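Okay, so here's the structure we're looking at.
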Amino acid sequence: MINALRHRLPLILLLLLLPASFQCLAAVQSWRPVGPDGGDARSFAADPAAPGHIYLGTTTGWIYRTADGGSSWRPLAKLPGRGNLIIDNIVVDKADPQTLFAGAWVVDLSNGGVFVSHDSGKTWAEIPGMKGQPVQALEQAASNPKILVAGTLRGVFRSEDEGLSWKQISPLGSVELHEVESVAIDPKDPQIIYAGTWHLPWKTTDGGATWHNIKQGLIDDSDVFSIIVDPLQTNVVYTSACSGIYRSDNGGENYHKVQGIPSSARRTRVLMQDPANRDVVYAGTTEGLYKTLDGGAHWKRMTGPDVIVNDVYVDPKDAQHVLLATDRGGVQRSDDSGASFVASNRGFSQRQVTTLLVDRTKPQTVYAGVVNDKTYGGVFISRDNGASWSQQSAGLDGRDVFSLAQAGDGTLLVGTNAGIFRWDGRAWRADGKVVALKQKASYVVRHGRRTKVTKSVEVPAGEIDGKVRAINAGGPVWSAATANGIYVSGNRGASWQPSAGLGKLDFSMLAAQGSTVLAAQRKLLALSTDGGKQWRSLEPPSALDWVSSVSVAPDGSLWLGGGAGVFYSQNNGATWKKMSRLPIADISGVGYDAGLGRMMVTSRRSTWILGVNPSDRTWKWWDAGWNLRSVRSSGGRLLGATLYNGVVVEPKTVASAEDAAARH
């Protein structure tokens, strides 16, 4: 009873401290991810007792799992700690398949570690002995499952007790044997270890007591991405590097370069040998998947050159079944030994959704814009309230999407990293023609006298071709926040003009209600009360360190979100007030939702969502279970744009916070 009360106390105390005006709609369970499917996939690991059970590592600390060989996926767990952990290595313990190890690192190589799970990946703990180490390689010895070897920025580490304790086995402070990108353990002798660094490979035959460089036949200063050892003929070693693929027939002492892969694709990130036929080897490169049937003598590309392969899985019970973990395209599946591939991402979403738009006339229809996915990204549409998605990106040519807007007549606009586009029913068309006003003189004869007359005429002045982070198309005058300033259009986007008085400042935020338009940079505000024709600068609140989001309520009040919280003004920015006693800060989004009649507030550091009534500043809250960029209501439910995991949807059954407290 005491333990149960301890778990309930934090939520109960929070409820007691909240203001009397607080109204609660807290969800008991986390919101469900619904897509768009795809994104970055990094690494595979299969249960040796059940090859159809496969784990998938990502670039955001999340691990997914499939029980049907990759036909469908579900998010399993997120590694504890930082949210930007890149999981390039997952190991399923050969002695106990319920035990898993994951090696992770971050982009700037300042953090990472080895993590362990003893319940098939449901929960994870960081192993203290490798805390903070950027782990880019992790292997388990086939002949002795107690032995694990990890490669880090500092060198090679080994555990002899199933990961409980670790010891560096490469020379401490070595100026050569460090920055380890790949490791391999001899399948028959765990004392023989290979380590690939950013500058050639190394080998030890005595468990790390001594090391020697194995570079004979390799091009100097080659980054070594992958090393594999033939499980039967352990003297056969394949090594991939930035300079190509190499094979050794004497344990790495001498290499010869494999031919047949073009130099443009020679950054081979991974090598994978077919478990049933050792002469079949797959090479995942930055320009597609290659395959050899004769031990590397000849190679053939099996995919298009746009496929960036991070890992390859070959089913040990069915060599026809091959999976690829790719950048942007997620998981690609083949059932004919790589002759053809199809996307296999149902349930897997690692999308950076920057913007959500609910259709004005069809509330079950939702649009999502994503970034960093090139031709695999752009705009996605759901016609069933987010349950399923399809790509609608024809004409965008791989551009990133930062904003979506819809005019009163249904016209769709999108702001990209290179201009504004309009949907014509089949494709997106460039819609950012810029005009300038010039005075043109002419002469007329009136009452027998020749008189000079001047009038303003529009002349072509290029196109909006920079980054467009926000668009307002809700009134007679449209506006767009771009890298080169604010542009306005009084003719429904047929042409655009630079707004007067703002110059070419890079504005990243814009919101409007009626003729009131608010634009912002991180530390600069501008307001227009005539639909964007004329602007004046506003002084931001002194307590607000930076602005992350802006909005305008129907009553004309201005709203700001930033690191210090939420602020509002009821006098066009002359003075600002802070929303006090809010339980979240570091605001990621503030946006008015007409369906709920509330200002929806999200945070980078909290999974809570606040729905603020602009009139009396009372608020409701939901716990989405995810860090969200923004929230929209659609079909009676809320949809959230996560930072890296696509779109999530509110559960159908929502319980009160009191119920949630009772259950804890």
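A few comments on the model shown:
- Any hit, the range 505-527, residues being at positive phi, crowded, with 21+ Cβ neighbours inside 10 Å and out of contact with any helix residue (DSSP H, G or I) (no Cβ under 6 Å at 6 or more places or on another chain): no
- Unmet requirement for S537, which otherwise passes all of (1) buried (at least 19 other Cβ atoms within 10 Å of the Cβ); (2) polar (S, T, N, Q); (3) over 26 Å from N417 (Cβ atoms): (1)
- Filtered residue count, the range 108-147, keeping only those that are surrounded by fewer than 15 Cβ atoms within 10 Å (Cβ to Cβ) and charged (D, E, K, R): 4
- A single member of I219, I228 is part of a strand (DSSP E or B) and surrounded by fewer than 20 Cβ atoms within 10 Å (Cβ to Cβ), and it is I228.
- Yes/no for R399 being more than 21 Å from L628 (Cβ to Cβ) and not in a loop (DSSP other than H, G, I, E, B): no
- Across the range 293-352, the number of residues qualifying as crowded, with 17+ Cβ neighbours inside 10 Å and not small (G, A, S) comes to 30.
- Residue check for A343: within 13 Å of A41 (Cα to Cα) and of a type in the set (G, A, S): yes
- All told, L560 falls short of being more than 21 Å from T416 (Cα to Cα), assigned to a loop (DSSP other than H, G, I, E, B) and not acidic (D, E).
- Index of the failed condition, A319 passing every other in (1) part of a strand (DSSP E or B); (2) within 30 Å of the chain's Cα centre (by Cα): (2)
- Filter result (of a type in the set (S, T, N, Q) and in contact with a Leu (Cβ under 6 Å, 6 or more places away or on another chain)) within the range 60-105: N89
- The residue pairs whose first member lies in the range 580-608 and is on the phi > 0 side of the Ramachandran plot and touching a residue at least 60 places away in the same chain (Cβ under 8 Å), whose second member is surrounded by fewer than 20 Cβ atoms within 10 Å (Cβ to Cβ) and not hydrophobic (A, V, I, L, M, F, W, C), and whose beta carbons are closer than 8 Å, counting only pairs six or more residues apart or on different chains, are R581/P19.
- Of all residues making up the range 28-74, the number that are farther than 25 Å from Q392 by Cα and in a strand (DSSP E or B): 18
- Residues being hydrophobic (A, V, I, L, M, F, W, C), assigned to a strand (DSSP E or B) and more than 26 Å from the chain's Cα centre (by Cα) - total across the range 520-552: 5
- Contact annotation: no residue pair with Cβ atoms under 9 Å, 6 or more positions apart or on different chains, pairs a residue in the range 491-502 that is closer than 14 Å to V517 by Cβ with a partner that is surrounded by fewer than 18 Cβ atoms within 10 Å (Cβ to Cβ) and β-branched (V, I, T).
- For the residues W198, W105, the requirement of being surrounded by fewer than 21 Cβ atoms within 10 Å (Cβ to Cβ) and among the aromatic types (F, W, Y) singles out W198.
Bear in mind these aren't lab numbers, they're just calculated from the coordinates by the rules spelled out. Values in this document were obtained by computation on a predicted structure and should not be read as measured data. Note that we place each Cβ from the backbone using ideal geometry, even for glycine, and neighbour counts take in every protein chain shown.
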